[in-house]
Structures are given as structure tokens and as C-alpha cells.
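What follows is a set of notes on a single structure, which appears directly below.
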Amino acid sequence: MAGKRKTLTDVIPQGTIENKIVLIRNRKVMIDRDLAQLYGVPTKALNQAVKRNQGRFPSDFMFKLTQSEKNELVTNCDRFKTLKHSASLPYAFTEPGVAMLSSVLNSETAIHVNIQIIRTFISLREMISTHKELACRLSQLERRMEKKDEETQAIFQVIRELMAPPEKPKKKIGFNTD
């Protein structure tokens, strides 16, 4: 039994997982079909395991998509074209829901995949936080530059006025009675 043990990064690359995270109801979620594919189980088996353990999946861990959400998902993501004619509505799992799946799916692959998915969610959260900080700093810098730009424009205006030769008074045309 001396086989080569898979590392977490051998299981699934982080980029593959990132591409499967979608934004629905202003939440980053993964669709049941994508999770089943990552775990190497049929979607039906994943959903059955979840239904047998319904108490572990409150609404903030998992929710069923509405028909309009499903239609939007099919329209925006090519990989969901097969859902277009499906009668059932897919489930969406939030980060805690994905974490809970590891306790429902008892396989070595599921554990490794789950760890990688959670790391991906954490990485995305850190990137978003970094982007918010950068956006705030950029906004502050823009405000400072606008103020400096206004001051610079005022300085240039004064310099232009000083550089312009003074206008000579023009002689009046016509009869002068002095």
C-alpha cells in the first residue's frame, strides 16, 4: 500500500474552484452540480445526502434557486446550459454550507476537495478586502490630486496674468476738445 499520496493542490487547482463560485442574492455560492462534479459524485447523490441531513443546512448555508435565478444562471454561464430544460431547481451552497458538506459526504476525496474549496473562499475574501483598501486609498489620492490640481490651475492663471503685457490705453477716435 505504498502509493503516492495526493496533496491538496493535486486534487483541484484553486483557479478551477474560483471559476465555479457565482454571486447569487449578493452571496458567493457554489451550485450543487459543480460541487458534485468536484467531489466526483452524481448531483443526485449529493442532494440525497443533503436531504438526509437537512438539519445541518439552514437557509444561510444552502438555498434552492428560484426559477428566475436559474434562468439568469443559465443565461450568464455557459456551463449551465444543460440546466435550461431541467425540471428541478438547483441548490446553492454558501461557504459554511460547503464546509458542512464534508460532514455529510464521508470520503477522503470529499475531505480534500472541501479543504481546497474553503481555502479558495478565504483567498477570495482576502482579495476583496485588499481591493477595498486599495480602492479607498485610490479615492483619497484622487481627492488630494483634485485639490492640488485646483491650486495648480490657480497658480498658472496668476502666472499667465503676470506674463501678459499690460494693455496700452487706446487713443479715442474723434474730436478732442481739450
Given the criterion more than 14 Å from Leu35 (Cα to Cα), buried (at least 18 other Cβ atoms within 10 Å of the Cβ) and not hydroxyl-bearing (Ser, Thr, Tyr), identify the matching residue among Lys70, Lys81.
Lys70
Tabulated pairs, segment 94-121, first in a loop (DSSP other than H, G, I, E, B), second among the hydroxyl-bearing types (Ser, Thr, Tyr) and surrounded by 19 or more Cβ atoms within 10 Å (Cβ to Cβ), C-beta under 7 angstrom, 6+ apart or interchain
Leu105/Tyr39
Residue check, Ala87 crowded, with 19+ Cβ neighbours inside 10 Å and outside any helix (DSSP H, G or I)
no
Number of positions in segment 9-25 that are farther than 14 Å from Arg125 by Cα, modelled with pLDDT of 75 or more and of a type in the set (D, E, K, R)
2
Selected residue (criterion: surrounded by the fewest Cβ atoms within 10 Å (Cβ to Cβ)) from residues of segment 23-61 that are under 16 Å from Phe80 (Cβ atoms) and touching a residue at least 60 places away in the same chain (Cβ under 8 Å)
Ile24
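The values are calculated or read from the model by the stated rules, or taken from the named source; none is laboratory data. Everything quoted here is computed from the prediction, not taken from an experiment. Positions of Cβ are backbone-derived with ideal geometry, glycine not excepted, and every protein chain shown enters the neighbour counts.
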